[in-house]
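Here's the structure we're looking at; comments come further down.
Please treat every number below as a calculation from the coordinates, not as lab data. Please read these numbers as outputs of a predicted model, since none were measured by experiment. Note that each Cβ is placed from the backbone with ideal geometry, even for glycine, and that neighbours are counted across all protein chains shown.
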Amino acid sequence: MIIFLNNGRLGNQLFHYAFLLSQARKDETVLMMGMDELVELLDMQTPNFRHVRTCRIVRQILGHVILPLLTGARFVSEIRILRSADGSPELGLVQTRGVLKNVRIVRADFYASEFFFNPDQVKTFSIRSEHVQSARAFMDGLPSDKTKVFIHVRRGDYCHEAFKGIKDISLPKRYFERAVAVIRQHVADPFFIILSDDKAWCEENFRSLSQSVMSDCSMYTDFAIMTMCRAGIVSNSTFSWWGAYLMKEPICVVAPRYWIGWKLQEEYPVGIQRAFFSPADAS
């Protein structure tokens, strides 16, 4: 049995689920907690994966007290990301063996790289039909002769988050301007679909962007919309990383160079950039 306690939002939950798929043995039970958004998004076709809904207090007690005690005493096995001397994550894994060899704890972390999952398993991801239908209804209302391009703008908590002491990891307007220029070089007749948790910022900063529309759909419908586009501009967010990853035959995907570490010009998480991403500078 694998036990996993999540502490991230939807994009990170997708990375965690992909990693768990790669680690689970045939028919091994995988007990997941805190993956509510993932379960709402995907049509789960893995019967050996079981999700248990838990309140925040229970997850904190499990994550900060009980599971560390079990793994620290080597009572159960543990799988975690390899980290360098300064604590930075690396593209590698550490596996410890406990007394109960058939019980393994997977520590929540940044598994935000193709290194940590099997692409063939990810191809089986299926978005729930109600979100797909809602996305299709939205897309049907757009010009049919244009190439659909999503722009995902992650702000919200990012405006207050810090990376190595430097506050605000949200991307500036200039990144999106550069990304739009790259899209126009590769995509004929683009029509931009703006998806964001900060519509007021987008209305102010994209007012001059012609051939565009702002989505007012749910997060799950927005995710399905991204997968239906032919090109995209992602934020430094795992949410739009997955939206781009699950597109069918994308023409062009623009991503921020260095991701969360763009202010220091230091890529974080390590390995998050994909080979087909076209990097654009935010600084």
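Pull out a ≥ b ≥ c, the square roots of the eigenvalues of the alpha-carbon gyration tensor of the range 105-248, then state rounded if a/c is under 1.5, prolate if not and a/b is larger than b/c, and oblate in the remaining case. If you can, show how the numbers build up before the last one.
Numbers: a/c = 1.66, a/b = 1.11, b/c = 1.49.
Oblate is the answer for the range 105-248, as a/c is 1.5 or above yet b/c matches or exceeds a/b.
Give a quick list of trypsin sites (Lys or Arg not before Pro) in the range 169-255 that DSSP marks as loop, anything other than H, G, I, E or B, with at most 15 other Cβ atoms within 10 Å. Walk me through the intermediate numbers first.
Working: sites: 173, 174, 178, 184, 199, 207, 230, 248; in loops: 207, 230, 248.
Of the trypsin sites (Lys or Arg not before Pro), the ones in loops of the range 169-255 whose Cβ has at most 15 other Cβ atoms within 10 Å are 207, 248.
Order these by the 10 Å Cβ neighbour count, fewest first: 16, 160, 186, 131.
Final ranking by Cβ density, sparse to dense: 160, 186, 131, 16.
Mind checking the angle between helix 173-186 and the chain's longest principal axis? C-alpha axes, 0 to 90 degrees, to the nearest 10.
Once rounded, the angle reads 70 degrees.
How far, in degrees from 0 to 90, does helix 219-228 lean away from the longest principal axis of the Cα atoms of the chain, to the nearest 10?
Tilt relative to the chain: about 70 degrees.
Please identify, among 175, 158, 258, the residue showing maximal mean-square fluctuation in a Gaussian network model of the chain using a 10 angstrom Cα cutoff.
Taking springs between Cα atoms under 10 Å, the residue moving most is 158.
Assuming a ≥ b ≥ c are the square roots of the Cα gyration tensor eigenvalues, decide whether the range 2-122 counts as rounded (a/c under 1.5), prolate (otherwise, with a/b larger than b/c) or oblate.
Rounded is the answer for the range 2-122, as its axis ratio a/c remains below 1.5.
Cα-Cα over 32 Å: which of 146/199; 199/248; 101/248; 101/167; 26/248?
101/248; 101/167
What are the aspartates and glutamates whose alpha-carbon lies under 15 Å from the alpha-carbon of residue 164, with same-chain residues fewer than 8 places away excluded?
Residue 164 reaches 86, 266, 267.
For the chain, modelled as a GNM with alpha-carbon contacts under 10 angstrom, which of 72, 34, 141 fluctuates the most?
In the Gaussian network model the winner is 141.
Determine the percent antiparallel among the DSSP beta bridges restricted to the chain, to the nearest 5. Kindly include the intermediate steps, with their values, before the conclusion.
Numbers: 8 of 44 bridges.
If I count the DSSP bridges inside the chain, around 20 percent turn out antiparallel.
For the range 27-79 and the range 206-268, write down the distance between their C-alpha centroids in whole Å.
29
Which stretch or stretches of the range 50-91 have amide N atoms under 16 Å from the point lying 7 Å from residue 115's Cα along the Cα→Cβ direction?
80-91, by backbone N distance to the label point.
If I build a Gaussian network model for the chain, linking alpha-carbon pairs within less than 10 angstrom, which residue out of 55, 229, 202 has the largest mean-square fluctuation?
Maximum fluctuation in the GNM of the chain, among the listed residues, is at 55.
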